[in-house]
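For reference, the structure is listed below as structure tokens.
Every read-out reported here was derived from the displayed coordinates using simple, explicitly stated rules and does not represent laboratory data. Keep in mind that this is a model prediction, so the values were computed, not measured. Cβ: placed from backbone, ideal geometry, glycine included. Neighbour counts: every protein chain shown.
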Amino acid sequence: MNHQFPSLPYTYDALEPYIDAKTMEVHYSKHHRTYFDKFITAITGTELENLSLEEIFASVSTLPAAIRNNGGGYYNHIVYWECMSPNAKSVPEGNLAQQIDQTFGGLEQFKDLFADTAMNTFGSGFVWLVATPTGELEIISTPNQDNPLMDIIATEGTPILALDVWEHAYYLSYQNKRPEYINAWWNVVDWQVVEDKYHQAVK
Ligand code: MN
């Protein structure tokens, strides 16, 4: 078994006032934990037990829904936690900044398009910034706990930024006001992490 429930990289109250401690506690210790536990139950004793998440996602369309939903929930939240920090670097630099300028016309234009995509994601899901192996960038919205590594999503790339738009991510502080949550979330997006993920994704 090569899966472990990851520790949260900061305390529950670290992202306040943008994301409140109670939301973080419930989101991490209940929602994320449940996806992880159900995923482990679903793969235990099967041939999937020793595969990586990437390998499982690459053929997830042929697997039971419990694996798609809970494996996605396990992975997606790891990326979401990693991309946030109480000491976030507020703007990207270097190759990633250049590529954002080239693709979207600038950081503000990128943030507007990313936020629009999040607003237009109906119901529950995630919004991703994905980098292809040649360094191109794409914004992708996926429903429920799907993600861009899954063979059901028509893209070849690695997620380098994740935004959870399930109501459980923001309801306690923002109720139904998803735009306010997205506005607040930019304050804790750590562009150093996104840059590092970009460099790892580009071969
Ligand atoms: Mn979530």
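Say whether the condition of being exposed (fewer than 15 other Cβ atoms within 10 Å of the Cβ) and in contact with a Ser or Thr (Cβ under 8 Å, 6 or more places away or on another chain) is met by at least one residue in the stretch 156-165. Yes, the stretch 156-165 contains a residue that is exposed (fewer than 15 other Cβ atoms within 10 Å of the Cβ) and in contact with a Ser or Thr (Cβ under 8 Å, 6 or more places away or on another chain). Do we have any residue at all in the stretch 104-116 that's of a type in the set (Asp, Glu) and touching a Lys or Arg at 6+ places or on another chain (Cβ under 9 Å)? Checked against the condition, which is being of a type in the set (Asp, Glu) and touching a Lys or Arg at 6+ places or on another chain (Cβ under 9 Å), the stretch 104-116 yields no hits at all.
Taking the conditions exactly as written (surrounded by 13 or more Cβ atoms within 10 Å (Cβ to Cβ) and in contact (Cβ under 8 Å) with a residue 60 or more places away in the chain), does Ala66 satisfy them or not? Steps first, please.
Numbers: surrounded by 13 or more Cβ atoms within 10 Å (Cβ to Cβ): yes; in contact (Cβ under 8 Å) with a residue 60 or more places away in the chain: no.
Taking the combined requirement at face value, the residue does not satisfy it.
Looking only at the stretch 16-25, which residues are within 14 Å of the ligand (Cβ to nearest atom) and surrounded by 16 or more Cβ atoms within 10 Å (Cβ to Cβ)?
Pass one, the stretch 16-25, residues within 14 Å of the ligand (Cβ to nearest atom): 19, 23-25.
Hits for the stretch 16-25 are Ile19, Thr23, Met24.
Report the residue count in the stretch 1-42 for those that are part of a helix (DSSP H, G or I), among the β-branched types (Val, Ile, Thr) and in contact (Cβ under 8 Å) with a residue 40 or more places away in the chain.
Of all residues in the stretch 1-42, those part of a helix (DSSP H, G or I) come to 21-42.
Okay, now just the ones that are also among the β-branched types (Val, Ile, Thr), so 23, 26, 34, 40-41.
So of that shortlist, the ones also in contact (Cβ under 8 Å) with a residue 40 or more places away in the chain come out as 23, 26.
The qualifying residues number 2.
Inside the stretch 129-165, can you point out the residues that are within 16 Å of the ligand (Cβ to nearest atom) and either free of Cβ contacts under 8 Å to residues at least 40 places away in the same chain or among the acidic types (Asp, Glu) (or both)? Full working, then the answer.
The initial filter retains those residues of the stretch 129-165 that are within 16 Å of the ligand (Cβ to nearest atom), namely 141-147, 159, 161-165.
Listed by number, the residues that qualify are Ser141, Thr142, Pro143, Asp146, Asp164.
Taking the numbered list (1) in contact with a Gly (Cβ under 7 Å, 6 or more places away or on another chain); (2) within 20 Å of Thr103 (Cβ to Cβ); (3) exposed (fewer than 15 other Cβ atoms within 10 Å of the Cβ) in turn, Pro143 passes all entries but (2).
Applying the criterion of being part of a loop (DSSP other than H, G, I, E, B) and not β-branched (Val, Ile, Thr) to the residues of the stretch 177-203, the residue that is surrounded by the most Cβ atoms within 10 Å (Cβ to Cβ) is Asp190.
Looking at Ile78, Ile67, which is the one that is more than 16 Å from the ligand (Cβ to nearest atom) and not in a loop (DSSP other than H, G, I, E, B)? Being more than 16 Å from the ligand (Cβ to nearest atom) and not in a loop (DSSP other than H, G, I, E, B) holds for just one of Ile78, Ile67, which is Ile67.
Residues in the stretch 77-109 that are among the aromatic types (Phe, Trp, Tyr) and either surrounded by fewer than 19 Cβ atoms within 10 Å (Cβ to Cβ) or out of contact with any Asp or Glu (no Cβ under 9 Å at 6 or more places or on another chain) (or both): how many?
Within the stretch 77-109, the subset among the aromatic types (Phe, Trp, Tyr) is 80-81, 104.
Adding the requirement that they be either surrounded by fewer than 19 Cβ atoms within 10 Å (Cβ to Cβ) or out of contact with any Asp or Glu (no Cβ under 9 Å at 6 or more places or on another chain) (or both) leaves 81, 104.
Going through the stretch 77-109 one residue at a time, the tally reaches 2.
Quick one: count up the residues across the stretch 81-121 that are within 16 Å of the ligand (Cβ to nearest atom) and farther than 21 Å from Gln192 by Cβ. Reasoning before the result, please.
Let us first name the residues in the stretch 81-121 that are within 16 Å of the ligand (Cβ to nearest atom), namely 81-84, 118, 121.
Next, from what is left, pick out any that are farther than 21 Å from Gln192 by Cβ: 118, 121.
Of the residues in the stretch 81-121, 2 are within 16 Å of the ligand (Cβ to nearest atom) and farther than 21 Å from Gln192 by Cβ.
Within the stretch 162-203, the set of residues being charged (D, E, K, R) and within 17 Å of the chain's Cα centre (by Cα) comprises Asp164, Glu167, Arg178, Asp190, Glu195, Asp196, Lys197.
Yes/no matrix, rows are residues, columns are (1) more than 17 Å from the chain's Cα centre (by Cα); (2) basic (Lys, Arg); (3) under 26 Å from Ser59 (Cβ atoms):
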position: Gln98; (1), (2), (3): yes, no, no
position: Gly105; (1), (2), (3): yes, no, no
position: Asp116; (1), (2), (3): no, no, no
position: Leu129; (1), (2), (3): no, no, yes
position: Thr132; (1), (2), (3): no, no, yes
position: Gly135; (1), (2), (3): yes, no, no
position: Glu138; (1), (2), (3): no, no, yes
position: Pro143; (1), (2), (3): no, no, yes
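Applying the criterion of being hydroxyl-bearing (Ser, Thr, Tyr) and crowded, with 19+ Cβ neighbours inside 10 Å to the residues of the stretch 166-176, the residue that is farthest from the ligand (Cβ to nearest atom) is Tyr174.
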